[in-house]
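Here, each number is a calculation from the coordinates, and none is a lab measurement. Treat the numbers as computed from the prediction; the structure is a model and nothing was measured. When we count neighbours, we look across all protein chains shown, and the Cβ atoms used for this are built from the backbone with ideal geometry, even at glycine.
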Number of protein chains: 2
Amino acid sequence: MSTPTLIAATPQPPYYAVIFTSTRTEGDRGYGEMSRRMVELGSRYDGFLGIESARGADGLGITVSYWRDEAAILRWKQDEEHQKAQQAGQQTWYANYQVRIAKVERAYGK
Amino acid sequence: MSTPTLIAATPQPPYYAVIFTSTRTEGDRGYGEMSRRMVELGSRYDGFLGIESARGADGLGITVSYWRDEAAILRWKQDEEHQKAQQAGQQTWYANYQVRIAKVERAYGK
């Protein structure tokens, strides 16, 4: 079954990607609700271009959000509700995580 | 349970990321074996820094491979066995996919 809408419809490069890779601690403890809320809130920010997210059976999660420029990424990072979620993520939800900010230079696909 | 080894131990930026997002067609048809083989083969290339991969229950798959520079990415793209896998991917395994080549400028985590 094709699920094309899961792949973000980003514009022609250049634009930015925030690659967020994580492993979870055990139990939900509000994570699912926070996760949905952050997608809803972040996608309203000026400069948001799209988001792709997957968590595999082995526990590794990868979320890539796409942004027009670094200024848009910074504004979202500083959002008050997002800041609280970041703190809870560090303290409670994530065993390990890595955030990588990258400039998309080329893109192709079908 | 913590699974820290799933997150790639990349060096300090700058380096490159190839963000490969896909939705599959139905059935395996050799995909699983090819997928494992490509990770094994690609990781032997000079300039390979690591790989992270997840496919969620909704069917979206995200694989991010990390590379020292664009030249290393190009050499791997042109590998003969990889070229055949790319063709089979386009024709058989993937309903939709997007490849984004991005320069990682900053990174942090725990």
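Descriptive notes on the structure:
- Karplus-derived 3J(HN,Hα), 6.51/-1.76/1.60, for each residue of region A:91-99, Hz, glycine and proline x: 8, 10, 8, 10, 6, 9, 7, 9, 10
- Pseudo-label separations to other copies for A:ASP69 - Cα-to-Cβ vector, 7 Å, nm: 3.0
- Residue-wise HN-Hα coupling along region B:21-27, computed from phi with Karplus coefficients 6.51, -1.76, 1.60 (Hz; x: Gly, Pro): 10, 8, 10, 8, 7, 7, x
- Using a 7 Å Cα-to-Cβ projection, B:TYR45 label spacings across copies, nm, ascending: 3.2
- Over chain B: helical MRE at 222 nm, DSSP H runs n ≥ 4 each giving -39500 (n - 2.57), nearest 500: -7500 deg cm²/dmol
- Cα gyration tensor shape for chain A, rounded if a/c is under 1.5, else prolate or oblate: oblate
- A point 7 Å from Cα along Cα→Cβ stands in for B:TYR108, and the other copies hold the same point at 3.6 nm, listed in rising order.
- In plain terms, the chain from A:GLU40 to A:GLN83 could stretch by 14.0 nm, reckoned as 0.36 nm per residue minus the Cα-Cα distance.
- Count Lys and Arg as plus one, Asp and Glu as minus one, and take only other residues whose Cβ is under 15 Å from that of B:VAL18; the net charge is then +2.
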